[in-house]
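Here the structure comes first, spelled out in structure tokens, and everything after it is commentary.
Read-outs: derived from the displayed coordinates by stated rules, not from any lab. Since the model is a prediction, treat every value here as computed from it, not as a measurement. Note: ideal-geometry Cβ built from the backbone for every residue, glycine included; neighbour counts use all protein chains shown.
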Amino acid sequence: MQNKKYTGILFLSFSSNNIHFLLTNSLGQIQTWTTAGKSRSKGVKKSLSLSILEVTKFLEEKTKELNYSFLHVRIKGWGKNKKNAFKIFKQSKLKFLSVTDITSCPHNGCKIPRKRKL
């Protein structure tokens, strides 16, 4: 029996306090997920490159286990270490087909509440 190779989608969500990693198949069904805080790093350490390195090792194991040969990457959020995290991903054994930034940015924002009249 031959080994089939699959293509997956990796979602990286950068919030102000944590980084979420979500691996799905091409239909969008969740295969595995993890966060930077799940690797026993708390506080500021979650956004450091050491915790991101641990997560990339975890994702490399999972992609090999699930027979994913290529990944589409979708990045969302305004995290301070977004570029550093992606540099670490590029150095890993994971192969990327596309990288898309799906961060939504407001055009004008909410209306300012009116001043109170006394």
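Amide hydrogen proximity for residue 96: with H placed 1.01 Å from N in the peptide plane, the residues at 5 or more positions away or on another chain lying under 5 Å are 71.
Quick one: order 88, 19, 112 by neighbouring beta-carbon count within 10 Å, fewest to most.
In order of increasing Cβ crowding within 10 Å: 112, 88, 19.
How much length is gained if the chain between residue 32 and residue 5 is pulled fully straight, taking 0.36 nm per residue apart and subtracting their Cα-Cα distance, in nm to one decimal?
Numbers: separation 27, 0.36 × 27 = 9.72 nm, distance 1.72 nm.
Between residue 32 and residue 5, full extension yields an extra 8.0 nm.
Counting other Cβ atoms within 10 Å as a rough exposure proxy, the listed residues 6, 68 run 6, 68 from fewest neighbours to most. The structure-derived value of Kirkwood radius over Cα pairs in Å appears in the list (1) 15.7; (2) 20.8; (3) 16.3 under the label (1).
Using C-alpha pairs below 8 Å separated by at least 6 residues, the relative contact order for the chain is 27 percent. Legend: ranking of residues 27, 118 from fewest to most surrounding C-beta atoms inside 10 Å; resulting order 118, 27.
Most simply put, the chain has about 45% antiparallel DSSP beta bridges, counting only bridges with both residues inside it.
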